[in-house]
Amino acid sequence: MEFQVVQVSSLEKVRAQDSLRRDEIHKKTVLAGERLSYQICMKADSRMDVAVSVESGLKDAVRLYMVQDAYIDVPAREEDMEGEDYMTLEPGFMPDILVPLEEQGNQLAVTSRTATVWVKVDVPRDTPAGDYRIKVRLLPVDMQAAKASAAEDAAFTVCQVMDVRVIPASMPEQRLIYTRWFYADCIAVQHDVEIYSEEHWELIDRYIAAAADVGMNMILVPIHTPPLDTAVGTVRPCVQLVDIEKKGDRYEFSFGKFRRFIEICKKNGIRYYEMAHMFSQWGAKCAPNIMVTENGKTDYMFGWHVAADSKEYVAFLAQYIEAVSKELEAEGISEQTYFHISDEPTLESMETYRTASDIMRPLIGDSKTFDALSNYAFCENGLIECPVTSVEHIHEFLEHDVENQWAYYCCGPEKVFPNSFLAMPSYRVRVLGFLLYKYNIKGFLHWGLNFYNSCVSKYPINPYVTTSGDKAFPSGDPFILYPGRDSVYGSIRGEATYEGIQDMDVCFALERHIGREAVVAMIDEAAGRNLRFDDYPRNREFLEGLREAMVEKIEKLSAAAG
């Protein structure tokens, strides 16, 4: 029986039909506190079940995953995409889903189609500098069951070795504020549980933990159901955390569910919080859908039927934001909280956005406002503190040296720029980190952590059948987490984004020794150009080579300072 095995970079995407003739890797140098990921890809000329185990002084830091395919139903929506740096422009399968191997009894089936184990090593921050070896043993299950002799066992066992050098320096704390929008309603629908039942709370905990595991340190908090991707005149399942009762001209607010949600976030390492948008999407014309109890009846007192600047809603907001702000202060998170006004306003809606901004900003105290928008006129008019700008338009903002500049991508751009669509190679995801560092971007936002609906949430979708919101978006755009049976699975794209954030952290670690200007010069020199969001090397060698050079320099300078 022929059994092929290769150990490759995390930036490879090895599809089922691909050859295993790849550049192998067996050595990595890391900082203490850094995550190292790589892949072991296998094929056999007839089916065999393989048991996977780890031997290493870092064994407790190693997690193993089986890579499963996701279905690409919409590789891209634009025309004339040839040469636009996609792995495929045809519907089909792409490796992406990371299923903990322990769920499979630490075994996987190997056939003539590629089977891949994703190895994730979170090197502890207190790991002494030195050399460590990670040995992954691959043993056919029938040999294991037969209790073969040591000699026979060795003859049929394949070992893949990774030599890890930990340098005498540690990763700095993540500076980037990173969020992908969290949808509690999609969790309840996908897992068929009652909203805010104990089962739902347990799943919320798991999803937030999975988000934090790939670098997210900010969460969208549904104080009311976020007015996002909802068809005009409709409602999404209500996930409002704040219970509200109207008594005359006064409102009473109960924060029990809110406090439980924040407790889960804190437990999982979330440090920053974004409150659900206070006005409708794409123009701030209406109030969001907010449930209120009055005279024993609970219904949507506010929503599409209420103008954003109505006296009733403005009066409500004054009391609502005051009560929310007191809770934020009690939780000790006021200064780490950001308030949304309205998502993606256009120039045509600037006046309605101005009205909404004028209503909100005097109410929020130490908190900040931020929104996704891509026209600098909003900044010129003083309507936003932290603009979150599409990478497609960000260089216009960068020319003005905005103090609290954020970046995002959403549904596009599909050409040239970085993004995280399924059909893109992983280096197009990871390059974001060096770009964010070079241009001193404070935060990154994406709209889809776990959006499992069709466009404008007309109906739920099966994320294992469509990864495009039922042909509304390029595949992969709506989510980087996949629902498991009673769990949640990560993705290669989520890990690639986190590797980019770690690249950014490595830049900050080197900056301590040589200064920011020298680090930026090193990035541009490695790129062979002025690195821009619309102009960067289209290969993994640039990313891995630059990171390796930076770590080597940190090691030498740390030793010299030592």
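Miscellaneous remarks
- Centroid-to-centroid, using Cα positions, region 475-549 and region 231-249 are 40 Å apart.
- By other beta-carbon atoms within 10 Å, ranking Tyr207, Tyr272 with the fewest at the front produces Tyr272, Tyr207.
- A Förster radius of 22 Å, combined with the Cβ-Cβ distance separating Asn106 from Lys27, puts the computed FRET efficiency at roughly 0.30.
- R0 of 35 Å, Cβ-Cβ distance Ala561-Glu541: FRET efficiency to nearest 0.05: 0.70
- Compactness check for region 217-371: Cα Rg over 2.2 N^0.38 Å is 0.99.
- Among Arg361, Arg125, a tally of other beta-carbon atoms within 10 Å of each Cβ gives an order, fewest to most, of Arg125, Arg361.
- Taking Cα atoms only, the orientation of helix 256-267 departs from the longest principal axis of the chain by about 30 degrees.
- The overall shape of region 307-401, judged from the alpha-carbon gyration tensor, is oblate: a/c is not under 1.5, and a/b is no greater than b/c.
- GluC sites (Glu not before Pro) lying in DSSP loop within region 368-433, provided at most 10 other Cβ fall within 10 Å: Glu399, Glu403
- Positive-pole candidate from Val221, Gly484, Leu31, dipole of the chain, charges at beta carbon: Leu31
- Evaluating 6.51 cos²θ - 1.76 cosθ + 1.60 at θ = phi - 60° for every residue in region 2-12, the Karplus couplings come out as 8, 10, 9, 9, 9, 10, 10, 4, 5, 7, 7 Hz, glycine and proline recorded as x.
- Principal-axis tilt of helix 540-561 within the chain, Cα atoms, nearest 10 degrees: 90 degrees
- Least to most buried among Asp18, Asp535 (fewest other Cβ within 10 Å first): Asp535, Asp18
- Gyration tensor verdict on region 3-170 (Cα atoms; rounded if a/c is under 1.5, prolate if a/b is larger than b/c, oblate otherwise): oblate
- Calculated FRET value between Asn381 and Asp85, using beta carbons and R₀ = 60 Å, to 0.05: 0.95
- Folded to 0 to 90 degrees: helix 492-514 orientation relative to the chain principal axis, Cα: 90 degrees
- Principal axis analysis of the Cα atoms in region 438-501 yields extents of 40, 26, 15 Å, listed in decreasing size.
- Net charge dipole, region 331-402: roughly 200 debye, given to the nearest 20, about the Cα centre with Cβ charges of +1 for Lys and Arg and -1 for Asp and Glu.
- Inter-probe distance in nm under a simple model that places probes 7 Å from Cα toward Cβ, at Arg529 and Leu20: 3.6 nm
We did not get these values from a lab; they are worked out from the coordinates using the rules stated. Bear in mind the structure is a predicted one, so any value in this text is a computation, not a measurement. Note that we place each Cβ from the backbone using ideal geometry, even for glycine, and neighbour counts take in every protein chain shown.
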